[in-house]
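Here is the structure we will look at, set down as structure tokens.
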Amino acid sequence: APKRRYGYFVLPILRRGRLVGRLDAKAHRADGTFEVKALFLEPGTNLDDGLVSDLAAAIRTCADWHETPRVIVRRTDPKGASKQLRSALGEMGSAGV
């Protein structure tokens, strides 16, 4: 664990055929929560409104697939992305973002 840079089980985030980030998430099905433990954007990735919207949509789709309607965003790199992502998820009608 101390040698891990991104987390235990990290998924790549591809956008238009390019690696733009990595997602460390966990579905807590018992309480209906999808936890974004950490989201890491790749260096040089421009965090514009389109990317935030696409990330929120992908996270919402994944959370829905796991039947976990509540999404919690814990940590992002860059740090400012968490506020934007929470806002975009909230606009999608996600409870308890």
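The values are calculated or read from the model by the stated rules, or taken from the named source; none is laboratory data. The model shown is predicted, which means the values in this text are computed figures rather than measured ones. As a convention, Cβ positions derive from the backbone with ideal geometry for all residues, glycine included, and neighbour counts pool all protein chains shown. Each accessible area value is taken on the protein alone, full model and side chains, heavy atoms only, with ligands, DNA and RNA left out. Shrake-Rupley method; radii C 1.70, N 1.55, O 1.52, S 1.80 Å.
The set of residues from segment 22-58 being more than 18 Å from M92 (Cα to Cα) and part of a strand (DSSP E or B) comprises R22, L23, D24, A25, K26, A27, H28, K37, A38, L39, F40, L41. On inspection, L19 passes the criterion of being part of a strand (DSSP E or B), modelled with pLDDT of 95 or more and open to solvent by 60 Å² or more (accessible area, probe 1.4 Å).
Whenever a residue of segment 36-58 is of a type in the set (V, I, T), its partners that are in a loop (DSSP other than H, G, I, E, B) and surrounded by fewer than 18 Cβ atoms within 10 Å (Cβ to Cβ), lying with C-beta atoms within less than 9 angstrom and at least six residues away or across chains, give the pairs V36/R74; V36/R75. Across segment 47-93, the qualifying residues are those that are of a type in the set (S, T, Y) and under 13 Å from the mean Cα position of the chain (by Cα), and the one among them that is most open to solvent (accessible area, probe 1.4 Å) is T61. R29 falls short on exactly one of the conditions (1) open to solvent by less than 30 Å² (accessible area, probe 1.4 Å); (2) at pLDDT 95 or above; (3) not β-branched (V, I, T), and that condition is (1). Scanning segment 62-81 for residues that are free of Cβ contacts under 8 Å to residues at least 24 places away in the same chain and closer than 17 Å to G21 by Cα gives a single hit, K79.
In this structure, is T33 closer than 26 Å to R4 by Cβ, out of contact with any Leu (no Cβ under 7 Å at 6 or more places or on another chain) and touching a residue at least 60 places away in the same chain (Cβ under 8 Å)? Criteria met by T33.
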